[in-house]
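The values are calculated or read from the model by the stated rules, or taken from the named source; none is laboratory data. Just so it is clear, the model here is predicted, and its values are computed rather than measured. Here Cβ is always computed from backbone atoms with ideal geometry, including for glycine, and neighbour counts include all displayed protein chains. Calculation scope for accessible area: heavy atoms of the full protein, side chains included, ligands and nucleic acids excluded. Shrake-Rupley method; radii C 1.70, N 1.55, O 1.52, S 1.80 Å.
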Amino acid sequence: MDTTLRSYDPAPLLAELDARGLRRRRRNVRRLSHDTAEIELDGVPCVDFCSNDYLGISAHPRVTEAFIAAARENGVGARASHLISGHQGEHAALEEELAAFTGRERALLFSTGYMANLGLATALVGKGGAVLGDRLNHASLIDAGRIARADIGHYPHGDAAALERELVARGAGTLVLTDGVFSMDGDLAPLPALAAACARHGAFLAVDDAHGFGVLGERGAGTLEHFGLGSAEVPALVGTLGKAFGSFGAFVAGDAGLVETLIQRARTYIYTTALPAAVAAATRAALAVSIAESWRRTRVLSLARRFRALAGDAGIALAESETPIQPVLIGSADAAVAASERLLAHGYFVAAIRPPTVPAETSRLRIALSAAHRDADVEGLVAALADALRP
């Protein structure tokens, strides 16, 4: 695709996107219930199977009440960056609680997961440094290496042996970036093998666990807990707060030296307004709810297994995934959009994921399960899928 700037005339670019079935359009969503997945999409009632609210706590009474109380006390905005006058008690308390929950010395809040990944890479790697990443990494991890002006390389998806070959060629000091759970496929990175390869060759491993944090592991501490890995094997953990924890923002957790380095050098931390204190307070409540109501984690993983079993019985092919992310590969962008619209006609909202989010000819329906879904929602979705995918 020609990416020449067309600010003077966007029509050719937009026409090309339309012709290829790749133009993105926003849709207006309104929640119809705080404890189910029922929504209104552009005025049409349906069941939401797109949300990353895996534990179903984004509207939990304890979470919303914590937000309201903190907003009344602190106002809506933080008013400044953390290093000027924006760092407040709720931020400090959340950082301490996240560090304890992840088993790390310290944690540092960022305004978004994108900013956390960019800040981490640019703080640790200078111009000409080496960064290696999984071929299917999230865009923020890819951009992190680019913005750091690093010598960037990629290894085939989930291929620890290929990573090791790259590390042999590059030597010590390489920053290795990977997702914990891949957001469009739902599969897990082979973290034990990646960590072992990094240890053998003096590389620094950072894991973005946006879609595993809160869901996987005995306590919900994420993909690292699932695999039994700690800070010795994975020095930097990036976690997102706007998915399983239903709020907003992100953090990097590691040893005290790493966090202090980020405070001094991560431009996406230094030069941006802090999260509102009310968001930090809501996240603290969400963390407490996730611990106290562990049934939510059990529930969503059980629903994922139930969905897979029903889909198998219906002859629906699924990618391998043990997480709440269950992709149905379609192929062409147009076919994925058509299948999504047919599902919506049945009352189920499942977004069509198209390039450049996924590679060409791998457009898909990305089904995201939540503890807020009912058994009948999952059963109805499978029946609708079987109809929507019928030739």
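Here are some conditions: (1) aromatic (Phe, Trp, Tyr); (2) in contact with a strand residue (DSSP E or B) (Cβ under 6 Å, 6 or more places away or on another chain); (3) surrounded by fewer than 23 Cβ atoms within 10 Å (Cβ to Cβ). Tyr348 meets all but one. Which one does it not meet?
(3)
So, in the range 359-379, exactly how many residues are outside any strand (DSSP E or B) and either modelled with pLDDT of 95 or more or on the phi > 0 side of the Ramachandran plot (or both)?
Count: 12.
Among the residues of the range 218-238, write down those that are closer than 13 Å to Val181 by Cβ and open to solvent by 60 Å² or more (accessible area, probe 1.4 Å).
His226, Phe227
Conditions tested, residue by residue: (1) modelled with pLDDT of 95 or more; (2) closer than 15 Å to Gly186 by Cβ; (3) among the basic types (Lys, Arg).
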| residue | (1), (2), (3) |
| --- | --- |
| Ala309 | yes, no, no |
| Ser332 | no, no, no |
| Arg342 | yes, no, yes |
| Leu381 | yes, no, no |
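List pairs: first residue in the range 166-180 and more than 17 Å from Arg135 (Cβ to Cβ), second residue assigned to a strand (DSSP E or B) and at pLDDT 95 or above anywhere in the structure, Cβ distance under 8 angstrom, at least six positions apart or on different chains.
Gly173/Phe204
Could you tell me which numbered condition Leu241 fails, if it satisfies all but one of (1) in contact (Cβ under 8 Å) with a residue 60 or more places away in the chain; (2) closer than 30 Å to Ile353 by Cα; (3) of a type outside the set (Val, Ile, Thr); (4) in contact with a helix residue (DSSP H, G or I) (Cβ under 7 Å, 6 or more places away or on another chain)?
Among (1) in contact (Cβ under 8 Å) with a residue 60 or more places away in the chain; (2) closer than 30 Å to Ile353 by Cα; (3) of a type outside the set (Val, Ile, Thr); (4) in contact with a helix residue (DSSP H, G or I) (Cβ under 7 Å, 6 or more places away or on another chain), the lone unmet condition for Leu241 is (1).
Could you tell me whether Ala78 is in a loop (DSSP other than H, G, I, E, B), open to solvent by less than 10 Å² (accessible area, probe 1.4 Å) and out of contact with any Leu (no Cβ under 6 Å at 6 or more places or on another chain)?
Yes: the conditions hold for Ala78.
Check whether at least one residue in the range 364-372 is out of contact with any Asp or Glu (no Cβ under 8 Å at 6 or more places or on another chain), open to solvent by 30 Å² or more (accessible area, probe 1.4 Å) and farther than 16 Å from Ile39 by Cα, and report yes or no.
No - not one qualifying residue is present in the range 364-372.
Name the pairs: first residue in the range 82-96 and within 8 Å of Ala277 (Cβ to Cβ) and at pLDDT 95 or above, second residue open to solvent by less than 50 Å² (accessible area, probe 1.4 Å) and not small (Gly, Ala, Ser), Cβ to Cβ under 6 Å, at least 6 apart or on different chains?
The qualifying pairs are His91/Leu109.
Anything in the range 225-241 that is among the aliphatic types (A, V, I, L, M), assigned to a loop (DSSP other than H, G, I, E, B) and touching a strand residue (DSSP E or B) at 6+ places or on another chain (Cβ under 8 Å)? List them, or say none.
Val234, Leu241
Give me the residue from the range 355-382 that is more than 17 Å from the chain's Cα centre (by Cα) and among the basic types (Lys, Arg) and, out of that set, farthest from Ser58 (Cα to Cα).
The selected residue is Arg364.
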